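Report on one structure; see the data block that follows.
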Amino acid sequence: MWTMEFDRQGNMVSVFWSDEFRAMIGYRDEEDFPNVLSSWSDLLHPEDHDRVLNEYYSTIDDYTGRRLYNVEYRLLTKDQGYRWFRAAGKLSRREDGTPITYVGIFVDITAQKETGQKLQEQRKLLEEALEKAQRASQAKTLFLNNMSHDIRTPMNAIIGFTNLAATHMDNQELVRSYLDKITTSSSHLLSLINDVLDMSRIESGKVVIDEMACSLPHVLQDLQSMIQTDLEDKGLNFHLDDSALVHPYVVCDQLRLNQVLLNILSNALKFTPAGGDISVSATERPGNGPDAAVYEFCIRDTGIGMAPDFLEHIFEPFERERTSTVSGIQGTGLGMSITKNLAELMNGKIIVESRRGQGSAFLCTFSFPFSEHPAGQNMPGGPDAQQIAGCRLLLVEDNELNQEIAMTILEEAGCTVDVASDGAEAVEKVRGSSADPYDLVLMDIQMPVMDGFESTKVIRAMEIPCLASLPIVAMTANAFEEDRQRVLAAGMNGHLGKPIDVDKLFSTLQNILSSRPKPRE
């Protein structure tokens with residue numbers, strides 16, 4: 001495959017050759033075969049050179065959009081001499097005809113040229129591949145347009161209501177209303193960003209499945225708690241049934257299972273009108289052995305449903321139902337693709353049934369081994385700020401705004417907070433605190449002078465035991481599972497992602513500090 005991108009003046013701004021094409025002609029990587037047009041054009045056979053380039057540029061210059069690029073030619077490979085290729089391409093264009101993206105494919109037809117066979121079959125494959133490539137390009141272009149709109153929408157609300165709050169400081173009730181709307185818009189913006197990052201990590205193979213013992217009823221109850229406010233706001237009826245679970249305690253990746261089910265539930269909430277019904281049921285049937293079972297989670301709604309042609313593509317990246325964009329319901333078109341990929345990473349599968357105007361049903365199936373009652377589940381009460389009151393903390397953070405946010409949260413909880421603006425300063429403050437050690441260090445990772453990893457390494461090597469064993473919790477924008485694993489491997493005691501989740505901050509501090517001497521009175 002190959003793609004070229006153009007600016008609004010019709011000038012080419014980027015070229016991309018796929019690794020598969022490079023391999024076909026004997027090259028390894030971008031350094032070996034750069035992403036520039038001349039990498040390819042310089043290898044054209046002298047007898048084919050002018051004809052091929054004329055076809056190539058004539059297709060770009062045909063602003064009617066009717067012309068297709070479809071040529072056969074010889075190309076000089078790195079280790080096999082000249083070989084025959086068929087190349088085809090098509091442009092997506094703006095309303096004025098200027099090109100946006102030139103998408104095409106290569107097929108090595110040397111064998112067909114030599115034998116004169118299977119030409120018709122290759123032509124069909126070429127057309128199908130071109131159609132698929134064009135569809136992917138169009139979906140990507142539509143996705144970028146949607147993302148531009150969907151990111152600007154909550155940003156507009158955040159900026160607008162912030163300005164309004166600043167001009168109505170004397171009206172506390174009105175400012176509180178504005179702040180609630182800012183919070184809602186911020187959460188939506190964060191979910192959009194998370195979707196894009198999740199998709200990128202899945203495609204690059206960086207998602208790690210972390211299995212441990214958990215309670216399925218606990219997972220389902222947590223889901224209901226997370227969506228309860230939305231259910232009440234929209235006036236939706238919700239029913240949860242886990243009575244068919246014979247073995248409720250299993251070994252699985254609770255975080256990813258929660259993400260799969262929550263993504264589907266979030267869609268049910270979006271597309272089910274007020275007064276509608278949403279239900280979640282969990283059932284169990286025998287597995288392949290005595291120590292495992294197959295678990296089925298069915299999520300049904302009485303929402304607007306989906307058209308048959310969209311159902312065929314619901315799990316493809318960047319796809320959105322037309323009715324959702326027309327109705328103004330926001331999203332990236334990545335949620336269902338992420339959901340399917342996560343389910344498959346857990347060796348599960350998803351089946352969907354839906355009819356326009358009659359709702360949808362998603363059936364998620366997983367095979368989980370049994371476990372004992374997981375420790376720490378169903379513990380009463382949530383995090384309590386009073387439990388960390390009186391603690392003396394060192395906050396290591398190079399961003400002044402982030403310093404202010406964290407200090408305000410911690411000081412209002414009754415903590416005494418000292419601040420270091422980089423890792424080197426943090427090391428000096430810890431080294432100078434031997435007479436009155438900190439209770440815990442909140443450590444940023446990416447900082448100037450000395451980063452969080454190096455700072456932790458120096459602290460852990462200190463000769464004074466009470467300093468070397470000081471609890472250190474990473475508080476960082478590096479918020480993925482692999483980041484958490486790296487933090488723990490570096491000798492830190494915990495990991496908190498940004499933006500700061502206050503409840504998680506308090507519970508993490510509470511859990512770590514509860515195993516140490518009581519805070520100062």
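For the reader, a short list of remarks on this structure follows.
- Condition broken by residue 395, with the remaining ones in (1) open to solvent by less than 40 Å² (accessible area, probe 1.4 Å); (2) out of contact with any Leu (no Cβ under 7 Å at 6 or more places or on another chain) satisfied: (2)
- Residue-level check: of (1) surrounded by fewer than 15 Cβ atoms within 10 Å (Cβ to Cβ); (2) more than 34 Å from the chain's Cα centre (by Cα), residue 20 misses just (2).
- Selection count where residues are touching a strand residue (DSSP E or B) at 6+ places or on another chain (Cβ under 6 Å) and of a type outside the set (Asp, Glu), scope segment 45-55: 2
- Segment 270-293, residues that are loosely packed, with under 15 Cβ neighbours inside 10 Å and either touching a residue at least 40 places away in the same chain (Cβ under 8 Å) or in a strand (DSSP E or B) (or both): 274, 275, 285, 286, 288, 291
- In segment 479-515, the residues that are more than 23 Å from the chain's Cα centre (by Cα) and of a type in the set (Phe, Trp, Tyr): 506
- Selected residue (criterion: farthest from residue 475 (Cα to Cα)) from residues of segment 414-428 that are assigned to a helix (DSSP H, G or I) and among the small types (Gly, Ala, Ser): 424
- Evaluation of residue 513 against (1) modelled with pLDDT under 90; (2) under 26 Å from residue 190 (Cα atoms) (one fails), failing number: (2)
- Out of 51, 66, sole residue that is open to solvent by 90 Å² or more (accessible area, probe 1.4 Å), out of contact with any His (no Cβ under 9 Å at 6 or more places or on another chain) and farther than 29 Å from residue 141 by Cα: 51
- In segment 245-269, the residues that are part of a helix (DSSP H, G or I) form Cβ pairs under 6 Å with partners that are buried (at least 22 other Cβ atoms within 10 Å of the Cβ) and among the charged types (D, E, K, R), at six or more places apart or across chains, as follows: 268/301.
- Residue within segment 93-110 that is within 21 Å of residue 27 (Cα to Cα) and among the small types (Gly, Ala, Ser) present: yes
- Number of the exception - residue 60 against (1) among the hydrophobic types (A, V, I, L, M, F, W, C); (2) within 14 Å of residue 21 (Cα to Cα); (3) under 38 Å from the mean Cα position of the chain (by Cα): (2)
- Being open to solvent by 30 Å² or more (accessible area, probe 1.4 Å), at pLDDT 90 or above and part of a helix (DSSP H, G or I) is a property that residue 411 has.
- Hits in segment 79-97 - residues which are open to solvent by 60 Å² or more (accessible area, probe 1.4 Å), within 19 Å of residue 55 (Cβ to Cβ) and either part of a loop (DSSP other than H, G, I, E, B) or in contact with an Asp or Glu (Cβ under 8 Å, 6 or more places away or on another chain) (or both): 84
- Filtered residues of segment 473-505 (kept if of a type in the set (A, V, I, L, M, F, W, C) and touching an Asp or Glu at 6+ places or on another chain (Cβ under 7 Å)): 475
- Scanning segment 170-217 for residues being on the phi > 0 side of the Ramachandran plot and either open to solvent by 70 Å² or more (accessible area, probe 1.4 Å) or at pLDDT 85 or above (or both) gives a total of 0.
The values are calculated or read from the model by the stated rules, or taken from the named source; none is laboratory data. The model shown is predicted, which means the values in this text are computed figures rather than measured ones. Positions of Cβ are backbone-derived with ideal geometry, glycine not excepted, and every protein chain shown enters the neighbour counts. Ligands, DNA and RNA are excluded from the accessible area calculation, which covers all protein heavy atoms including side chains. Shrake-Rupley method; radii C 1.70, N 1.55, O 1.52, S 1.80 Å.
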